[in-house]
1. Would you please name the residue that is surrounded by the fewest Cβ atoms within 10 Å (Cβ to Cβ), looking only at residues in region B:71-102 that are among the charged types (D, E, K, R) and closer than 18 Å to B:VAL173 by Cβ?
2. Please verify whether B:GLN56 is of a type in the set (S, T, N, Q), in contact with a Phe, Trp or Tyr (Cβ under 7 Å, 6 or more places away or on another chain) and surrounded by 14 or more Cβ atoms within 10 Å (Cβ to Cβ), treating the condition exactly as stated.
3. Does B:LEU182 count as surrounded by fewer than 19 Cβ atoms within 10 Å (Cβ to Cβ) and within 12 Å of chain A (Cβ to nearest Cβ)?
4. If only one of B:ALA30, B:ALA22, B:ALA26, B:ALA60 is more than 7 Å from every other protein chain (Cβ to nearest Cβ), in a helix (DSSP H, G or I) and modelled with pLDDT of 95 or more, which one is it?
5. Can you name the condition, by its number, that B:ALA184 falls short on among (1) touching a Leu at 6+ places or on another chain (Cβ under 8 Å); (2) farther than 25 Å from A:GLU144 by Cβ?
6. Being within 24 Å of B:GLY73 (Cβ to Cβ) and more than 11 Å from the chain's Cα centre (by Cα) is true for just one of B:ALA171, B:ALA145. Which residue is that?
7. Across region A:456-466, what is the total count of residues that are exposed (fewer than 11 other Cβ atoms within 10 Å of the Cβ) and either in contact with a strand residue (DSSP E or B) (Cβ under 6 Å, 6 or more places away or on another chain) or assigned to a loop (DSSP other than H, G, I, E, B) (or both)?
8. Identify, by number, the condition in (1) closer than 19 Å to B:ARG160 by Cβ; (2) surrounded by 14 or more Cβ atoms within 10 Å (Cβ to Cβ); (3) free of Cβ contacts under 8 Å to residues at least 40 places away in the same chain that B:LEU109 doesn't meet.
Amino acid sequence: MTVSPMQFVPPQDFHARSRAALDDPHLRQSFKGAMAFLQDKRRSQFGDDDELQRLRDLGEAVRRNALAKLPALLEALEATLTAAGARVHWAATPEEANAIIHGIAAERGARRVIKGKSMASEEIELNHYLEARGVACLESDMGEYIVQLAGEKPSHIVMPAIHKTRADIGRLFADHIPDTAYTDDVDRLIQTGRHTLRQAFVDADIGLSGVNFAAADTGTLWLVENEGNGRLSTTVPDTHIAIMGIEKVVEKLEHIVPLASLLTRSATGQAVTTYFNLISGPRREGELDGPRALHLVLLDNGRTQAYADEELRATLQCIRCGACMNHCPVYARIGGHAYGTTYPGPIGAILSPHLLGLESTADLATASSLCGACGDVCPVRIPIPKLLVRLRTEANRDPHAEVDHPLKGQGAKYSRGERMVWRFWSGAFARPGAYRLFRWGATRLRALAPKEQLGWTRYRTPLEPAPRSLADLLRARGQPE
Amino acid sequence: MTARDAILGRLRAAVPAAPQGAHAAAARDAGLEARIDAHFGARREMPPLSPVQLAQRMQAALEAVRAQAWCAGSDEWPALLAARMLEAGVRRVVVDTATPEGRMLRAALPDAIEPVAFDRPLQDWKAELFGTVDAGFTVARSGIAATGTLVLAPDAVTPRTVSLVPPLHVALVYAHTLHADLHAALHAERWQDSMPTNLVLATGPSRTSDIQQTLAFGAHGPRWTWVVIVTDKETAQ
């Protein structure tokens with residue numbers, strides 16, 4: 001079996017990739033079907049709208065409570081897990097997180113890592129980092145395994161291989177897995193995946209997983225999954241490394257009950273997933289299985305930037321259900337890869353600028369009609385449309401302007417020309433004398449209107465003043481100005 | 001400065017000071033838990049369901065997630081499971097020797113089915129467990145009737161992999177341990193006071209929809225889940 005290196009796509013090429021995606025009927029068909037399916041599944045779980053709205057209120061309250069106490073909760077989580085025999089590591093950057101994980105692998109002489117699903121590990125490009133240092137990483141979630149085999153990245157945070165049809169996957173398996181004939185029968189494909197990966201769980205030195213929720217009071221890592229690969233990854237190898245963004249901790253175990261219900265129902269339309277795997281420490285004396293070493297890596301990677309600003313902090317309420325992308329008319333048409341970021345769709349547009357800076361991600365917030373669907377379905381009531389507008393403002397702010405909470409890449413889309421146009425416009429409209437002069441000039445000199453008008457003429461015909469102003473026309477009909 | 005200090009420093013610089021002091025904060029927190037309790041409490045049947053009703057609901061929920069479920073008396077279930085396993089072609093099943101239930105099942109197994117004891121650390125027989133064992137038997141700590149969920153608390157007697165590695169997971173759950181929903185289970189069992197190293201809430205056989213949104217069973221965990229809900233005579237009253 002060969003695993004090709006993953007593509008690395010720069011988010012700044014967003015426009016070019018969206019255009020390519022729009023011109024790909026195969027891709028558009030895949031996403032259209034998948035989004036309709038996921039929307040229906042979610043709807044089937046929320047028949048009682050009153051219950052949904054109350055549960056969303058609770059979800060928001062739990063997340064806001066946790067964020068308000070975040071530093072203390074992280075310290076409490078560290079203390080409870082450490083007391084249980086786990087080791088807790090802190091990483092401010094992806095480089096630090098990668099080095100910590102590689103350090104654990106090197107210390108144990110580990111060669112093989114089996115991975116449960118973890119978006120945080122995608123975010124830090126862990127597979128690349130470890131493979132460059134001689135440690136093999138194998139994804140075990142079926143969707144993640146498929147995209148790894150194809151040398152791609154996930155196109156959806158919950159369903160990584162959503163852009164592929166079963167025929168694509170049948171060909172991929174036939175080409176890459178020895179002694180595998182082509183089939184597009186889903187049951188047979190899944191059994192092929194199961195058999196191919198089974199030995200990898202036995203052979204792995206380290207199991208690596210993400211974390212859906214962490215409870216500070218009991219020191220519990222709460223993992224949500226359907227396939228059992230998460231349980232195998234966190235149970236069979238001698239070492240388990242969990243990685244999570246610092247925002248995932250909540251104050252109490254009981255606070256997770258409403259969040260877990262919102263997560264599974266919003267994400268896949270299931271009342272519960274097959275497994276909730278609650279881990280509160282490594283193997284204890286006398287136990288015959290389970291990892292003997294448990295490590296937790298707490299990752300910042302720009303989250304503290306979002307945290308610093310009261311409005312942008314809501315970004316960190318996210319529980320990664322993917323409902324916002326499933327309901328986004330832009331995501332449904334261009335798919336996840338066009339974004340070029342680990343987290344695509346509306347949540348990606350509001351989260352990625354903190355992770356990567358606005359320099360490469362400023363376009364993402366403009367890929368929205370502000371229809372509001374993402375905000376309407378968000379289970380923890382993140383005001384996504386409001387945050388999209390805020391990030392547009394930050395991207396167009398003068399790069400040298402001094403603000404309370406400057407964002408990485410402030411003013412990435414700032415244009416002196418555009419700023420001058422707006423300044424002229426507001427000046428002309430604020431003073432009647434100036435406006436009359438502008439009106440007189442514009443109607444007389446309309447032939448001189450430029451044919452290239454900044455971004456406007458990229459997709460639209462040039463603006464040209466009318467031969468007579470509205471005020472002139474009214475006057476001609478005998479009405480006062 | 002360490003990464004820990006840097007992260008906590010940035011967070012602390014941003015947290016607004018609590019405006020009304022510790023008392024107000026404590027009152028607000030109590031409000032959050034009370035709101036969660038009220039939400040789930042209001043959706044629960046009154047008067048509470050009897051163990052028999054919970055058992056029926058558990059059975060229906062299990063069948064809805066493609067598990068097989070039976071209600072059986074405390075003297076009936078060993079023979080029932082033994083017969084079903086024989087029919088399904090099970091040859092080796094992990095069963096403990098320490099619990100009364102483990103010993104009862106062992107006593108009921110026909111010669112064609114070999115009981116295997118999990119009496120060594122996993123690393124000493126990993127390949128054997130993955131390659132040669134057809135089924136694993138566990139006694140659930142409790143169950144959640146609304147969703148057909150087994151609450152599994154693996155320990156030295158019944159390790160974590162028994163319910164995970166073999167393709168068939170056979171579970172026993174007593175009707176009198178069933179809870180209406182997850183919220184009720186967490187509170188009745190006071191999970192916050194003592195969590196085992198691993199607590200698993202398992203609902204049916206492993207599954208995936210990762211290929212073109214088509215549901216398939218037997219992903220990486222068990223392909224089949226069987227649950228016998230023991231409704232003894234005391235419960236029936």
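The values are calculated or read from the model by the stated rules, or taken from the named source; none is laboratory data. Computed from a predicted structure; not experimentally measured. Please note: Cβ atoms are built from the backbone with ideal geometry, for glycine as well, and neighbour counts cover all protein chains shown.
1. Out of the qualifying residues, it is B:ASP75.
2. Working: of a type in the set (S, T, N, Q): yes; in contact with a Phe, Trp or Tyr (Cβ under 7 Å, 6 or more places away or on another chain): no; surrounded by 14 or more Cβ atoms within 10 Å (Cβ to Cβ): yes.
It is false that B:GLN56 is of a type in the set (S, T, N, Q), in contact with a Phe, Trp or Tyr (Cβ under 7 Å, 6 or more places away or on another chain) and surrounded by 14 or more Cβ atoms within 10 Å (Cβ to Cβ).
3. Working: surrounded by fewer than 19 Cβ atoms within 10 Å (Cβ to Cβ): no; within 12 Å of chain A (Cβ to nearest Cβ): yes.
For B:LEU182, the condition - surrounded by fewer than 19 Cβ atoms within 10 Å (Cβ to Cβ) and within 12 Å of chain A (Cβ to nearest Cβ) - is not met.
4. B:ALA60
5. Of the numbered conditions (1) touching a Leu at 6+ places or on another chain (Cβ under 8 Å); (2) farther than 25 Å from A:GLU144 by Cβ, the odd one out for B:ALA184 is (1).
6. Checking each option against the conditions leaves just B:ALA145.
7. 3
8. (1)
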